[in-house]
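Here is the structure we will look at, set down as structure tokens.
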Amino acid sequence: MSEVLDSYYATSQKTKRIPGQNIWSMTSLAQPRLDSGFLLVIHSNDSSHVSHDLRSNIQKLEGFKNLGFDWNGNKAEPFSEDLIEKAKSVLFTLNVQPEVFPTARKSIQFEYEKENGDYLEFEIFEDSAKFLQVINEIESSNKIDCSNIFYKVNEFYGEGFYQR
Amino acid sequence: MEKDFIKDEEILYRAVKSYSNWWKEKENRPSSAAFKDSRGVSVDRDFGKEESDIVRGLKKRFEVKAVVKIETLFCRKIGAKPMPKPIPKIPEHAEIHRSDTIIELTSSQARSLAKNCKIVFSE
């Protein structure tokens, strides 16, 4: 059991990692408690545990590293490693994988769109994030903490939607 | 054709590049991310040219996944500002800005353009 757990990590919203043994000691508590601002991500280095959609999104983000200066033909700047890692750590928290796109304003965009037109978009910047939501044609937008993106996505898909 | 002012009835064409993965396959249209640019959304005015010539010109300049078009009037309806920005050898070049003073579109404006643009060419 400990061998498996050793390959797991917790990631804070600042992409700090804690070795799996520490997670083991936390999760072995009857009711583990984490600081409210702490974004817990448990994932495995073994790619067989990772969904196809997540793997594909991670590959896409890795590909953004190859977008050099002027990648859009309009002098867009390359993406920082920190931004890509931040976006990646958010992806690991999500029950439903978004479509992932680069923007030419130093941000990475996650999109969800339902067949009825309902829409949810997150734009992740190095030091902030925001969302745009259109539900029943009613639009709302605001800043969002990356640790709350998980909740926003679950809210969008409704309670009980937890299949990754 | 007025060089310094874009009339409501003018059509603006945007090249959606292939290498930046901006295309939403399921919806068969670009993501709003294709309209988020800190330097302004680069477009070509029709300048009275045939659509096929405009598409040919954009394909020559860029590796495109698609070419989409949007009406100037629509841009104005969502509060965005199409502005003539001629560059050497491309007098028809223009940019769409959020307002007279801010370049980057709002998320809502970018989504409106992505949802309402019409595809005139796609790979």
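Between B:Arg39, B:Arg29, which is under 14 Å from the mean Cα position of the chain (by Cα), modelled with pLDDT of 95 or more and facing another protein chain (nearest Cβ under 9 Å)? Talk me through it step by step, then tell me what you get.
Working: B:Arg29 fails: facing another protein chain (nearest Cβ under 9 Å).
Exactly one of B:Arg39, B:Arg29 is under 14 Å from the mean Cα position of the chain (by Cα), modelled with pLDDT of 95 or more and facing another protein chain (nearest Cβ under 9 Å), namely B:Arg39.
Condition first: surrounded by fewer than 18 Cβ atoms within 10 Å (Cβ to Cβ) and within 12 Å of chain A (Cβ to nearest Cβ). Now tell me which residues in the range B:88-97 satisfy that.
At the first step, the residues of the range B:88-97 found to be surrounded by fewer than 18 Cβ atoms within 10 Å (Cβ to Cβ) are B:88-91, B:93.
Selection gives B:His93 alone.
Take the range B:8-44 and flag every residue that is among the aliphatic types (A, V, I, L, M) and free of Cβ contacts under 8 Å to residues at least 60 places away in the same chain.
B:Ala15, B:Val16, B:Val43
Table: residues versus (1) surrounded by fewer than 18 Cβ atoms within 10 Å (Cβ to Cβ); (2) of a type outside the set (Val, Ile, Thr); (3) touching a Lys or Arg at 6+ places or on another chain (Cβ under 6 Å); (4) modelled with pLDDT of 95 or more.
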| residue | (1), (2), (3), (4) |
| --- | --- |
| A:Glu62 | yes, yes, no, yes |
| A:Trp71 | no, yes, no, no |
| A:Pro78 | yes, yes, no, yes |
| A:Asp82 | yes, yes, no, yes |
| A:Lys86 | no, yes, no, yes |
| A:Leu94 | no, yes, no, yes |
| A:Val100 | no, no, yes, yes |
| A:Ser107 | no, yes, no, yes |
| A:Tyr112 | no, yes, no, yes |
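What are the residues in the range B:62-110 that are in contact with a Gly (Cβ under 8 Å, 6 or more places away or on another chain) and modelled with pLDDT under 95, if any?
Residue satisfying the conditions is B:Phe62 alone.
May I ask you to verify whether A:Val96 is in contact (Cβ under 8 Å) with a residue 60 or more places away in the chain and either outside any helix (DSSP H, G or I) or more than 10 Å from chain B (Cβ to nearest Cβ) (or both)?
Working: in contact (Cβ under 8 Å) with a residue 60 or more places away in the chain: yes; either outside any helix (DSSP H, G or I) or more than 10 Å from chain B (Cβ to nearest Cβ) (or both): yes.
Spelling it out, A:Val96 is indeed in contact (Cβ under 8 Å) with a residue 60 or more places away in the chain and either outside any helix (DSSP H, G or I) or more than 10 Å from chain B (Cβ to nearest Cβ) (or both).
Being more than 23 Å from A:Glu113 (Cα to Cα) and of a type in the set (Val, Ile, Thr) is true for just one of B:Val16, B:Val64. Which residue is that?
B:Val64
With the structure loaded, tell me whether B:Phe62 is in contact (Cβ under 8 Å) with a residue 24 or more places away in the chain and farther than 23 Å from A:Ala76 by Cβ or whether it fails that test.
Working: in contact (Cβ under 8 Å) with a residue 24 or more places away in the chain: yes; farther than 23 Å from A:Ala76 by Cβ: no.
Criteria not met by B:Phe62.
For the range B:99-114, which positions are more than 14 Å from B:Val68 (Cβ to Cβ), more than 10 Å from chain A (Cβ to nearest Cβ) and either crowded, with 17+ Cβ neighbours inside 10 Å or among the hydroxyl-bearing types (Ser, Thr, Tyr) (or both)?
B:Ser99, B:Thr101, B:Gln109
Check off (1) closer than 23 Å to A:Ser107 by Cβ; (2) modelled with pLDDT of 95 or more for B:Ile119 and give me the number that stays unchecked.
Here B:Ile119 clears every test but (1).
Please pick out the residue among A:Glu121, A:Glu139, A:Glu155 that is surrounded by fewer than 20 Cβ atoms within 10 Å (Cβ to Cβ), modelled with pLDDT of 95 or more and in contact with a helix residue (DSSP H, G or I) (Cβ under 7 Å, 6 or more places away or on another chain). So that I can check it myself, show each step before the final result.
On the way: A:Glu121 fails: surrounded by fewer than 20 Cβ atoms within 10 Å (Cβ to Cβ); A:Glu155 fails: in contact with a helix residue (DSSP H, G or I) (Cβ under 7 Å, 6 or more places away or on another chain).
Only one candidate passes the filter, namely A:Glu139.
Is it the case that B:Ser52 is without any contact (Cβ under 8 Å) to a residue 12 or more places away in the chain, farther than 24 Å from A:Val134 by Cα and small (Gly, Ala, Ser)?
On the way: without any contact (Cβ under 8 Å) to a residue 12 or more places away in the chain: yes; farther than 24 Å from A:Val134 by Cα: yes; small (Gly, Ala, Ser): yes.
Answer is yes for this residue.
Kindly indicate whether A:Leu67 is assigned to a loop (DSSP other than H, G, I, E, B) and modelled with pLDDT of 50 or more. Quick ask: steps written out before the conclusion?
Values: assigned to a loop (DSSP other than H, G, I, E, B): yes; modelled with pLDDT of 50 or more: yes.
The answer is yes for A:Leu67.
Would you point out the residue of the range A:124-136, among those that are over 21 Å from A:Lys88 (Cα atoms) and in contact with a strand residue (DSSP E or B) (Cβ under 9 Å, 6 or more places away or on another chain), that is surrounded by the fewest Cβ atoms within 10 Å (Cβ to Cβ)?
So the first thing to find is which residues in the range A:124-136 are over 21 Å from A:Lys88 (Cα atoms), and the list is A:133-136.
The next check asks that each one be in contact with a strand residue (DSSP E or B) (Cβ under 9 Å, 6 or more places away or on another chain); those that pass are A:133-135.
Details: A:Gln133: 19, A:Val134: 18, A:Ile135: 15.
Selected residue: A:Ile135.
Within the range A:109-138, can you find the residues that are assigned to a strand (DSSP E or B) and more than 9 Å from chain B (Cβ to nearest Cβ)? Even if it seems obvious, please write down each step before you answer.
Filtering the range A:109-138 for residues assigned to a strand (DSSP E or B) gives A:109-113, A:119-124, A:129-135, A:138.
Matches in the range A:109-138: A:Phe110, A:Tyr112, A:Leu120, A:Phe122, A:Ile124, A:Ala129, A:Gln133, A:Ile135, A:Ile138.
Can we say A:Lys106 is in a loop (DSSP other than H, G, I, E, B), touching a residue at least 12 places away in the same chain (Cβ under 8 Å) and at positive phi?
Values: in a loop (DSSP other than H, G, I, E, B): yes; touching a residue at least 12 places away in the same chain (Cβ under 8 Å): yes; at positive phi: yes.
For A:Lys106, the condition - in a loop (DSSP other than H, G, I, E, B), touching a residue at least 12 places away in the same chain (Cβ under 8 Å) and at positive phi - is met.
The values are calculated or read from the model by the stated rules, or taken from the named source; none is laboratory data. All figures in this text were calculated on a predicted structure; none of them were measured in a lab. No Cβ is skipped: glycine too gets one built from the backbone with ideal geometry, and neighbour counts run over all protein chains shown.
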